[in-house]
Structure formats: C-alpha cells, structure tokens
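The values are calculated or read from the model by the stated rules, or taken from the named source; none is laboratory data. The structure displayed is predicted, hence computed values, not measured ones. Cβ placement follows ideal geometry from the backbone for every residue including glycine, while neighbour counts extend to all protein chains displayed. The area values use the complete protein model at the heavy-atom level, side chains included, leaving out ligands, DNA and RNA. Shrake-Rupley method; radii C 1.70, N 1.55, O 1.52, S 1.80 Å.
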Amino acid sequence: MVNFKEKIAEKLEKIVNIDKKELLNYIEVPKDNKNGDYSFPCFKLAKELKKAPQVIAEEIKEKIDLVGTGMEKVEVIGGFLNFFISKSEFTQEVLNEITSKEEYGRAKIGEGRNIVVDYSAPNIAKPFHIGHLRSTVIGGALSNIYKFLGYNVTGVNHIGDYGTQFGKLIEGYKLWGDEYDIDSDPINELTKIYVRINNLCKEDEKVLEACRNNFKLLEDGDEYCTKLWERFKNVSLKEFQRVYDLLGSKFESWNGEAFYSDKMQEVVELLEKAGKLTDSQGAKIVDLSDVGIDTPCIIIKSNGSTTYATRDLAAILYRARTYDFEKALYVTSYEQILHFKQVFATAKYLGLDKKYIDGLIHVPFGMVLLPEGKMSTREGNIIKLEDLLNEAIERAKAIIEQKNPDLDNKEETAKKVGVGAIIFNDLSNNRVKDEIFDWDNILNFQGETGPYIQYTYVRIKSVLEKAGEIPNANEINVEKLNDDYSQEVLKLIYNFQDILVAVTEKEEPSILSRYLIDLSKAYSSFYNENKIMVGDEELKNARIILSYATAKVLKEGTKLLGMEMPDKM
Ligand code: ARG
C-alpha cells in the first residue's frame, strides 16, 4: 500500500536538508483532523536556518509539489505544515489494497530475521494454571504477529520437566503409587502425591535425602527413575494438550528444561573460564553486585544439583547456536523479573556474540486476580485452566441460548465465543497490568470484549449475505465514502500493518486488541449513521465494500490474537 507519510517525506527531503528517515520521525498525525492528516513541525529547522518556524513553513509550502503524494492541499498553521489527504485517492488505495490481497497486512519486513518466543511452559505433574494461560495467549499472539510480518519464528514450549521436585515425586510414587489412579486423572493425582511427600520430607530428613538421591539417579540416567519420570511427563503432556487444543496453540519446539540436562556442564565451564564462578557455602554462584543486582545467580546448589537458571543459561547457548536469533522473548509473569535479570546478566559471561545478549528480552505480564484476590497454589484457590475454559464455553452457550435459540451449531459457536472471550480478555490491557477476572465483563457483548468484536463481525456478515455479491473496488464511486464515519473506518483499516509493527516494537499485543475494539466501534458508528441497503446503487455498493473490508480486518486481526470468528452468533 502507498505509504503517504513516506511520500511527504520524499518531497520534503528535496527541499530541506534532512534525510527521509529522520523526516519520517518528525512527521506527525495530528490529533484533530481539522489540522490535516499529516503534520510537519518546522521548529526543528528554526535554529539551523535562523528563521522563525512559521516563515520556514511558508517557504516550504511555496516550494513543495504535491503530485503523487496523495495530498490534496497543504496549509500553514503556526510553525506547522499541515497536509490534507485527498479522500478519494486514499479511499481508492485502501479498497484496492484490501480487496486484492488474500491476507491484508501481511508483510516481508521480517524476512531472514529469526525470533525465538519462549512461552506457555507449564510444569509437568502440576496444574496448568491461569498464569500459564496468560503466557500461552500473549506468547501465541506475539508469535503469530511476527510470523505474519515475515519473521522466522520458533515458538518454544520450555516445559518445566526437571528439578528436585521429580526426585520427590518418584519417592512418593515408590511409597504409595498404587493408592492413586494416575492414568484417569494424572495431574490431580500426582499433585496429591507431591503434597503428601512434601509433608513427609518436612518431618523426616531421611525421606528428603532419598528424594534428592532419586533426582541424582535421574540425572545419572537410572532406568527406573527415568521410566517413571517419562511416564509422569507423558501423562501430563497429554493433559496439557487438551488445553492447547481448546486454545489452538502450536509450538515449533517442545524442548523443556530436561533437554538441557547434558548441556549445563558447558555453562559451568564457560563461567569458570571467565573467572566468574565463585564458591559460596558449598554452592557455585555468579556474583552480580557489580552490575547492580544484589542477589547472585546460583549455578550449582550446595547439594550438587543444577538450577532453573543454569538450564536457562544452557538454553541461551543452544538457541543462539541453533536459531541464530535476533530476539529471544521470554513470556512469563512479572514474578520472574529478577530471575531473568540474573540470567541475562550472567549470560554476558558465556562468550556469546553481543548481538545475542542484546536480543534477550523478558516480556513480563501481570497477575490474574480473582475478585477475592490472587489465584495461587499456596492458598489453594487455584483454578484449573481446563475448567475455566469449559466454564467460559458453557456460559457463552447460555447467552447464545437466550439471545439466539434457533442458531445452528451452537456448540461450535459457544466454543469460539467462550474461548475467544478468555483470550481477548488476557490481551485487552497493557500486559504488565494485573487483570481482574470477572465473568460478566469478559462475556459482555456490549463491552470492550472479544464477543463484542465477534458480534460486530457477525453483523457485517449478515449485511453482506443480504447484499449478495461484493462489488469490485475499481468500480466503486469512492466519493460516496467521503463522510467522516466512513473515513474514520478507512483510516483505521489503512493503519492495520503499522499496528502490527507497533506490537513487535513493544512486544505488546494489546495494541492490536485495542485497535480491533476501535475499529469495531468506528464501524458501529458508521453503521448506525449510514444505512447500507439504500436505493442509490453507488452509495450502497460503496458501503458494502467498506463493510466487507472491515470484516476482513476484524477476522485477520482476531486470528492473529489466537481467536476464531463465528459466522453467526
Ligand atoms: N516453567 C516456568 C514456570 O512455570 C516458566 C518457564 C519460562 N521460560 C523459561 N525459559 N524460564 O514458571
């Protein structure tokens, strides 16, 4: 699509002595469209040219030729040059672009650039909880958007399948395995074993010793321990998969923590070689106080075992070598901010090229709060994700039953609406903000929700169905879309790709969610003001094509967020 801002910059470049790239940073989109569609503040030039900004603006106005820029006029207000786009040129351009592209907004910006997104990462033998949902949803959206912009993305599910807790689980299983029906309800039963053995460990030092020994045996490849561990892992993954199926999540790699079991020795050696590994009460640590981090990074515990951080360091080495990443994103709750600070600071001593260190990015997100408070394992009010998703589907079904009892395939629609509502809710605010989980908000068809966007889409679909054929963009009288409501919708549609780029600049999918709400609202205003099925054939066709274009962006955008669109609801 024509980049109008760039066209202006090209013309300005010929007049003022600043290169296009820099000019692009200066050109603004005025808040009030009375001041045009683009604005160039001349204050920056005043000092250099020793002239008042207003005078400079006037001079540029005299010299600039607007041919080919899509601008119809330029005005000077104060020290600003305000450019006004030609509505018909703009409309034609947007409509041509959106109707000619199968996937509107797809780009090649990321060609040849590699991104690793580490997300979801539940822990085996533990419930897949609502924090992992946020990671799955945010990481999934980011990875979809990067892919759409042409990046080569490796989504990694860094499963928590390693560590001393498995020594405990093995011990518990040895003691009471046959009391529990692990196959029928794996994670619940394993959790029970885990809680029970943990309590026993507190009472009996010898049991704790046995647990540690089990983990050591597991690390050394003992057959019995390995077999059990594999079983725990398989049953857990099977259960997780049910959640991933509901969410439609897919990963390129499932290398979890255990994958690095034979790759940590190198981390120890490299840190040793760098002279960074010090002994502290029997443990091996990296002191980070010189870089302003008070807590050291523990590499080897006093009992000889490795840590979560050691595995993350091994993963950095592996990912740099295997994926040659430009960015490696880690999507976890903000509770792990310190962990990643430590790991990234320690990674500097692994001898990797600096570009890899610079590419390490923690993408933290806020907690999910129940109206009663934080959801946590310790307080026992943990909500299982699968139950949550199923409840969302049930609730959506009840709403549909009430609003549209005759709808065909209610089940499928309820799934799209219920799951979509949960996904959208997780993405609708700035990710670091804590989120209050409230069913009524999440499923409100009139609120700023997933169902509201779906509802807008479905409404358009029914308009299009009545209209029959979608007119050809070249045969539209674009003047018919000169009104403010239509122009507002078109502007948003025009911005779609920029929005996606902004998401990748801030690792913030809520930029896209907000945009989709804005677009839905703008369309609703358009729809309320403008009748579509009017007698004036040209007007009708123009409005139909605008509706079609909106639906296309809403569908594309929600798909990138990980949602599915119903055709009716
Ligand atoms: N399994 C961890 C947890 O549940 C998240 C792992 C995040 N990724 C990583 N490379 N550390 O908290």
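Being open to solvent by 10 Å² or more (accessible area, probe 1.4 Å), more than 30 Å from residue 55 (Cα to Cα) and among the acidic types (Asp, Glu) is a property that holds for residue 93. Which one is nearest to the chain's Cα centre (by Cα), of the residues in the stretch 524-539 that are farther than 16 Å from residue 470 by Cβ and outside any helix (DSSP H, G or I)? So, considering only residues that are farther than 16 Å from residue 470 by Cβ and outside any helix (DSSP H, G or I), the one nearest to the chain's Cα centre (by Cα) is 530. Contact map, the stretch 409-424: residues that are farther than 17 Å from residue 456 by Cβ paired with residues that are surrounded by 23 or more Cβ atoms within 10 Å (Cβ to Cβ), Cβ distance under 6 Å, separation 6+ or inter-chain. Pairs shown: 414/396; 418/392; 418/396; 422/392.
Condition check for residue 518 on (1) in contact with a helix residue (DSSP H, G or I) (Cβ under 7 Å, 6 or more places away or on another chain); (2) over 16 Å from residue 553 (Cα atoms); (3) open to solvent by 10 Å² or more (accessible area, probe 1.4 Å): one failure, at (2). Output the residue which, of all residues in the stretch 433-462 that are at pLDDT 95 or above and of a type in the set (A, V, I, L, M, F, W, C), is farthest from residue 397 (Cα to Cα). Selected residue: 460.
Residues are listed down the side, and each one gets a yes or a no for (1) in contact with a helix residue (DSSP H, G or I) (Cβ under 8 Å, 6 or more places away or on another chain); (2) of a type in the set (Asp, Glu); (3) without any contact (Cβ under 8 Å) to a residue 60 or more places away in the chain:
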position: 49; (1), (2), (3): yes, no, yes
position: 52; (1), (2), (3): yes, no, yes
position: 91; (1), (2), (3): yes, no, no
position: 118; (1), (2), (3): yes, yes, no
position: 128; (1), (2), (3): yes, no, no
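Restricting attention to the stretch 54-70 and to residues that are touching a helix residue (DSSP H, G or I) at 6+ places or on another chain (Cβ under 7 Å) and crowded, with 18+ Cβ neighbours inside 10 Å, the residue that is nearest to residue 482 (Cα to Cα) turns out to be 70. Inspection of the stretch 327-346 finds a residue satisfying the criterion of being of a type in the set (Asp, Glu) and within 16 Å of the ligand (Cβ to nearest atom). Pairing each residue of the stretch 322-344 that is among the hydrophobic types (A, V, I, L, M, F, W, C) and open to solvent by 30 Å² or more (accessible area, probe 1.4 Å) with any residue that is part of a helix (DSSP H, G or I) and near the ligand (Cβ under 10 Å from one of its atoms), provided the two are 6+ apart or on different chains, yields C-beta distances under 9 Å for 344/316.
Of all the residues in the stretch 235-259, those that are of a type outside the set (A, V, I, L, M, F, W, C) and surrounded by 16 or more Cβ atoms within 10 Å (Cβ to Cβ) number 8.
Checking the conditions here, which among 139, 131 is at pLDDT below 95, in a helix (DSSP H, G or I), touching a strand residue (DSSP E or B) at 6+ places or on another chain (Cβ under 8 Å) and within 16 Å of the ligand (Cβ to nearest atom)? That would be 131, the only listed residue that is at pLDDT below 95, in a helix (DSSP H, G or I), touching a strand residue (DSSP E or B) at 6+ places or on another chain (Cβ under 8 Å) and within 16 Å of the ligand (Cβ to nearest atom).
Mind telling me which of the residues 204, 161 ends up being more than 16 Å from the ligand (Cβ to nearest atom) and more than 21 Å from residue 560 (Cα to Cα)?
When all the criteria are applied, what remains is 204.
Among the residues of the stretch 348-374, those identified as modelled with pLDDT of 95 or more, among the aliphatic types (A, V, I, L, M) and surrounded by 20 or more Cβ atoms within 10 Å (Cβ to Cβ) are 350, 360, 363.
Okay, residues lined up against (1) small (Gly, Ala, Ser); (2) under 28 Å from residue 490 (Cβ atoms):
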| site | (1), (2) |
| --- | --- |
| 17 | no, no |
| 30 | no, yes |
| 36 | yes, yes |
| 50 | no, no |
| 75 | no, yes |
| 87 | no, yes |
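Residue count for the stretch 276-313 under the criterion of being part of a strand (DSSP E or B), in contact (Cβ under 8 Å) with a residue 12 or more places away in the chain and open to solvent by 70 Å² or more (accessible area, probe 1.4 Å): the result is 1. Of 505, 538, all but one fail to be more than 22 Å from residue 100 (Cβ to Cβ), among the acidic types (Asp, Glu) and open to solvent by 10 Å² or more (accessible area, probe 1.4 Å); the exception is 505.
Of the residues making up the stretch 480-502, just one is more than 24 Å from residue 428 (Cβ to Cβ), open to solvent by 30 Å² or more (accessible area, probe 1.4 Å) and within 31 Å of the chain's Cα centre (by Cα), namely 485. Criterion first (touching a helix residue (DSSP H, G or I) at 6+ places or on another chain (Cβ under 7 Å), farther than 30 Å from residue 359 by Cβ, open to solvent by less than 20 Å² (accessible area, probe 1.4 Å) and among the aromatic types (Phe, Trp, Tyr)) does residue 526 satisfy it? When the stated conditions are applied, residue 526 passes them. Scanning the stretch 40-53 for any residue that is in a strand (DSSP E or B) and basic (Lys, Arg) turns up nothing. As a summary of the residue check, residue 35 satisfies the conditions (1) more than 28 Å from the chain's Cα centre (by Cα); (2) open to solvent by 80 Å² or more (accessible area, probe 1.4 Å); (3) over 15 Å from residue 60 (Cα atoms) except for the one numbered (2). In this structure, residue 100 does not qualify as without any contact (Cβ under 8 Å) to a residue 24 or more places away in the chain and surrounded by fewer than 20 Cβ atoms within 10 Å (Cβ to Cβ).
Quick check on my filter: what residues within the stretch 440-479 are assigned to a helix (DSSP H, G or I), open to solvent by less than 60 Å² (accessible area, probe 1.4 Å), over 30 Å from residue 330 (Cβ atoms) and not aliphatic (A, V, I, L, M)? Hits for the stretch 440-479 are 451, 452, 454, 456, 457, 462. From the list 72, 62, the one residue that fits, being without any contact (Cβ under 8 Å) to a residue 40 or more places away in the chain, part of a strand (DSSP E or B) and away from the ligand (no atom under 16 Å from the Cβ), is 72. Would you tally the residues in the stretch 106-124 being open to solvent by less than 10 Å² (accessible area, probe 1.4 Å), in a loop (DSSP other than H, G, I, E, B) and within 12 Å of the ligand (Cβ to nearest atom)? The number of residues fulfilling the criteria is 4. Only one entry of 168, 192 meets the criterion of being assigned to a helix (DSSP H, G or I) and in contact (Cβ under 8 Å) with a residue 40 or more places away in the chain, and that entry is 168.
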